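Taking it in order: structure first as structure tokens, then the write-up.
Every number here is computed from the coordinates shown, using simple stated rules; none is lab data. Model, not experiment: these values are computed from the prediction. With ideal geometry, Cβ positions are generated from the backbone for all residues, glycine too; neighbour counts draw on all protein chains shown.
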Ligand SMILES: Cc1ncc(COP(=O)(O)O)c(C=O)c1O
């Protein structure tokens, strides 16, 4: 098993940007809880260098492949992702000297394309109609045909391991009295890695997955009804799966900014909508939710400024995975 480099600085200086990944803040959202006896805390993964939790995943995938001798600087890597993983991987490839080909649906937001390009990634378009599943299929084909290494975050144990070693370990250290953990379901990496570590620490900690309603996509999250269950996902490790609508996710994304000053992406709105619902049903306790990414990549959708119906309509049509 490859070991990850934890965030480390020698005399306050990090030797490169990838060393700053992780060690994110845990912040109480005191105004959000509908129950005075339930604390809701946010783990701010938006603090990572490219602004999302996927910096942890991408670093873990690349370091694991390096440790297994599958890649070395100068090589090309291919990955199906339009979203945060692609951006994180592009940054890490830049720092470590790899070339990245990102396969993504043609209808992802322009901010994401720009971010991938600015880190030097080559973008390969897949048919927008088939969403992220289409990108997965095309990347698989190209990887086999061209003999290019594909980390494949959906099936690679190095993805959940990033959260076992990092995200969950930090939560346990910073908030040992955690009762409930809530995260969005994308590849399942965050939920699987955190569930394993949290339950080893205290089996009663409840692990809750946030899933979008089928046909009502929430950027970054995946409905298992859409026909692809990521191989790393073991549903047995989840205590509950709660569904959110895009509208509720947007509304909570706005509340996070208005009431708590937190500028987060829409999937975080879904997560904290679920956190408030759970708080209503609990007598007392502590809930930790994940702010998966910052809001920068969603500005063009008008989430914080435009009419709710227009925003919802635009988000339904643009895939941001
Ligand atoms: C914005 C956003 N939220 C949540 C997730 C879910 O994370 P995971 O893939 O670890 O399940 C993702 C995954 O890409 C994401 O991009």
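Rounded to the nearest Å, what's the spacing between the alpha carbon centres of the stretch 7-78 and the stretch 88-153? Just the number, please.
20
What whole-number distance in Å separates the alpha-carbon centres of the stretch 241-287 and the stretch 199-232?
15
For every helix of n ≥ 4 consecutive DSSP H residues, a contribution of -39,500 (n - 2.57) applies; sum these over the chain, divide by its total residues, and give [θ] at 222 nm rounded to the nearest 500 deg cm²/dmol.
So the helix-based figure for the chain works out to -11500 deg cm²/dmol.
Please report the base-10 log of the normalised intensity I(q)/I(0) for the chain, using a Debye sum with one equal scatterer per alpha carbon and no solvent, at each q in 0.08, 0.12, 0.15 (1/Å).
The Debye formula, applied to the Cα set alone, gives -0.33, -0.76, -1.23.
Under a GNM of the chain (C-alpha, springs under 10 Å), which listed residue has the highest mean-square fluctuation: 173, 140, 255?
Among 173, 140, 255, the largest GNM mean-square fluctuation belongs to 173.
Go ahead and set up a Gaussian network model of the chain, Cα springs under 10 Å, then flag whichever of 134, 74, 83 fluctuates most.
74
Looking at the stretch 60-196, what % of the alpha carbon pairs are farther apart than 20 Å?
Summing the P(r) of the stretch 60-196 above 20 Å gives 49 percent of all pairs.
With a ≥ b ≥ c taken as the square roots of the eigenvalues of the C-alpha gyration tensor of the stretch 208-251, please select rounded if a/c is under 1.5 and otherwise prolate if a/b is larger than b/c or oblate if it is not? It would help to have the intermediate numbers written out before the result.
Values: a/c = 2.53, a/b = 1.52, b/c = 1.66.
Oblate.
Cut-off 10 angstrom, C-alpha nodes, Gaussian network model of the chain. Which of 150, 282, 104 fluctuates the most?
Its mean-square fluctuation being the largest, the pick is 282.
Tell me, 87, 77 in order of fewest to most beta-carbon neighbours within 10 Å?
Numbers: 87 28, 77 25.
Ordered by Cβ neighbours within 10 Å, fewest first: 77, 87.
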